[in-house]
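Student: Handing you this structure, nothing more for now.
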Amino acid sequence: MNWSLLLNFLAAILAIINPVGLIPIWQELTGDARPEVRRKIAWLVTIVSVIILLIFLNTGTYLLTFFGINLAVFKIAGGILLLLTALSMVQGTATKLEERDEKAETAYGLAKKRFRKILVPLAVPMLCGPGSITTVLLYGYKATFFMDYLGLSIVLVLNFALLSVVLAYSYKIENQVDELFFVAFTRIFGIMVAAIAVQFMVEGLAAVFPAWAEGPSVIKPDSIGTQ
């Protein structure tokens, strides 16, 4: 099992999912619901999201082959999309709130109705958007053995299990922590996602233009500050 690949994937997907950074958005979308209803909504959102990403993670290689897409080109395109996601996180425009749902007779009934309303933007594109789909596709492409796919799948499921716990019990900390903390946390994670996006683009450009990658840097130390 490629532990370096797993650890890298853990850091990347954790930064993109950003459980703590989602709490303010989650509170706006479900804050008026009872705690038991919010727990059911959290499970619905995370289960649907992780299933979608598991499909892309384990079949991404075949999808690229079927459509005849070169991995290097996909890295460049995916890096651009991932960078846009990072910019939306840094700028605080990663989501648009939907209209709140009316109350239902049962907790599960309310959870299902609210889930249909917050599927967009919470599940798509916040959790299953260009950033996360690109990330799982690229890391799935790097996997070479069954144990690598299994390890990546376990990491993905564990990340979403953590997310579901955070969302389900976020009401216990929403009123105890200043909203500025969540804003700062989201901005920091956005910077990490931007760095991952740039790395994807550089790797793709290096494969498409090998001479450019192997050539000397156009920025010379002795030229800095001389112009």
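The values are calculated or read from the model by the stated rules, or taken from the named source; none is laboratory data. The structure presented is a predicted model; accordingly, all values stated were derived computationally and were not measured. Cβ: placed from backbone, ideal geometry, glycine included. Neighbour counts: every protein chain shown.
Student: Restricting to segment 1-44, name every residue that is touching a Ser or Thr at 6+ places or on another chain (Cβ under 7 Å) and at pLDDT 90 or above.
Tutor: 13, 38, 41, 42, 43
Student: Of these, 96, 75, 103, which one is in contact with a helix residue (DSSP H, G or I) (Cβ under 7 Å, 6 or more places away or on another chain), at negative phi, at pLDDT below 85 and assigned to a helix (DSSP H, G or I)? Please lay out each step first, then the result.
Tutor: Values: 96 fails: assigned to a helix (DSSP H, G or I); 103 fails: assigned to a helix (DSSP H, G or I).
Being in contact with a helix residue (DSSP H, G or I) (Cβ under 7 Å, 6 or more places away or on another chain), at negative phi, at pLDDT below 85 and assigned to a helix (DSSP H, G or I) holds for just one of 96, 75, 103, which is 75.
Student: Would you mind telling me which numbered condition in (1) surrounded by 18 or more Cβ atoms within 10 Å (Cβ to Cβ); (2) modelled with pLDDT under 75 residue 221 fails?
Tutor: With (1) surrounded by 18 or more Cβ atoms within 10 Å (Cβ to Cβ); (2) modelled with pLDDT under 75 applied to residue 221, the lone miss is (1).
Student: Could you figure out which of (1) outside any helix (DSSP H, G or I); (2) surrounded by 20 or more Cβ atoms within 10 Å (Cβ to Cβ) isn't true of residue 20?
Tutor: (2)
Student: Of all residues in segment 186-218, which are at pLDDT below 65 and either of a type in the set (D, E, K, R) or in contact with a Leu (Cβ under 7 Å, 6 or more places away or on another chain) (or both)?
Tutor: none
Student: What number of residues within segment 144-164 are β-branched (Val, Ile, Thr), loosely packed, with under 14 Cβ neighbours inside 10 Å and part of a helix (DSSP H, G or I)? Working first, answer last.
Tutor: Restricting attention to segment 144-164, the residues satisfying the condition of being β-branched (Val, Ile, Thr) are 144, 154-155, 157.
After this cut, where a residue has to be loosely packed, with under 14 Cβ neighbours inside 10 Å as well, the list is 144, 154.
From what is left, the residues that are part of a helix (DSSP H, G or I) are 154.
Number satisfying all stated conditions: 1.
Student: So which residues in segment 38-58 are aliphatic (A, V, I, L, M) and surrounded by fewer than 21 Cβ atoms within 10 Å (Cβ to Cβ)? Don't jump to the end; show me each part of the working.
Tutor: Restricting attention to segment 38-58, the residues satisfying the condition of being aliphatic (A, V, I, L, M) are 41-42, 44-45, 47-48, 50-55, 57.
Those that are aliphatic (A, V, I, L, M) and surrounded by fewer than 21 Cβ atoms within 10 Å (Cβ to Cβ): 44, 47, 48, 51, 52, 54, 55.
Student: Considering segment 106-143 alone, what residues qualify as being under 30 Å from residue 31 (Cα atoms), under 20 Å from the mean Cα position of the chain (by Cα), assigned to a loop (DSSP other than H, G, I, E, B) and at pLDDT 80 or above?
Tutor: 128
Student: Determine whether residue 56 is touching a helix residue (DSSP H, G or I) at 6+ places or on another chain (Cβ under 9 Å), over 28 Å from residue 169 (Cα atoms), part of a helix (DSSP H, G or I) and at pLDDT 85 or above. Can you show your working first?
Tutor: On the way: touching a helix residue (DSSP H, G or I) at 6+ places or on another chain (Cβ under 9 Å): yes; over 28 Å from residue 169 (Cα atoms): yes; part of a helix (DSSP H, G or I): yes; at pLDDT 85 or above: yes.
Yes, satisfied.
Student: Here are some residues: 61, 65. Which one is of a type in the set (Ser, Thr, Tyr), surrounded by 13 or more Cβ atoms within 10 Å (Cβ to Cβ) and part of a helix (DSSP H, G or I)? If you could, list the steps in order and put the result at the bottom.
Tutor: On the way: 65 fails: surrounded by 13 or more Cβ atoms within 10 Å (Cβ to Cβ).
Of the residues listed, the single one that is of a type in the set (Ser, Thr, Tyr), surrounded by 13 or more Cβ atoms within 10 Å (Cβ to Cβ) and part of a helix (DSSP H, G or I) is 61.
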